Amino acid sequence: MLKVEMFMFRLSEAQLAAHQKRIAGGVAARQQQKNIKNDYDLSKYIVDALELGIIKSPASPLIVTLQCGLKQLQGSKKSPIPYERIEQAIALLWLECTDVESFEVTTAVPFGGYRPDGAGGLIKGEGAKKGYPDLLIDAPRGGYHGLRIEMKKFCPNANPTEEQEGWLKRLSANRYRTALCRGHKSAIFVISNYLGIPSPITPDSLPTWAVTYY
């Protein structure tokens, strides 16, 4: 007959208190992460960005993008909403209004979105490659040649494709700072941290899944 020995594991009062504190901290942290996501109001963030842009950079084409995005969010929602484009435009408009010099060496790669039949093949025929990061800041900082960001909507399940992740890893290996950013706040945080400029975003205001560095 198989003999099973039972052991009693005892914790001291101090160990038990520390264990309970860790559990409580984990529960509180998870609740905080959930609250951050539930309180996320993209329409409000668009309005805030528009107010800043109209004052500091009224001729920016990013303003038109955000105005269209706001209409789509407030509309019937029968057509797909370009969340990534909206999040990206908010981050870029912030940079344009905050650091003009850095914005002048920043661009976006228009590889995503709808294209007419045959357009994708034409772009590839010109040398474009699938999965290249969305945002490019060609300003060397901290030993890096530049910053590359793959934008995603504000959602923990918004993951990069295999091609996108491959680019982020290869560019990182070639001394570029690379990051996956879910939402405009994470992009603003990453950009400001990289450029060494004041940021309106604190690490505590971001969920743990908002930024992934490579």
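Nothing in this text is a laboratory measurement; each read-out follows from the coordinates by a stated rule. Everything numeric here is computed off the predicted structure, so don't read it as measured data. Heads up, the Cβs are rebuilt from the backbone with ideal geometry, glycines too, and the neighbour counts pull from every protein chain shown.
List of remarks:
- Ascending count of other beta-carbon atoms within 10 Å, so fewest first, for Trp209, Trp167: Trp209, Trp167
- Shown for Thr202, Thr208: other C-beta atoms within 10 Å of each C-beta, ranked fewest to most, produce the order Thr202, Thr208.
- Whole-Hz Karplus values for the stretch 63-72 come out as 5, 5, 4, 6, 4, 5, x, 5, 4, 5 Hz, taken residue by residue from phi with 6.51 cos²θ - 1.76 cosθ + 1.60 and θ = phi - 60°; glycine and proline positions read x.
- By the Cα gyration tensor, the stretch 45-101 has an equivalent ellipsoid whose semi-axes, rounded to whole angstrom, run 22, 11, 8 from largest to smallest.
- The stretch 51-80 and the stretch 167-214 have Cα centres lying 24 Å from one another.
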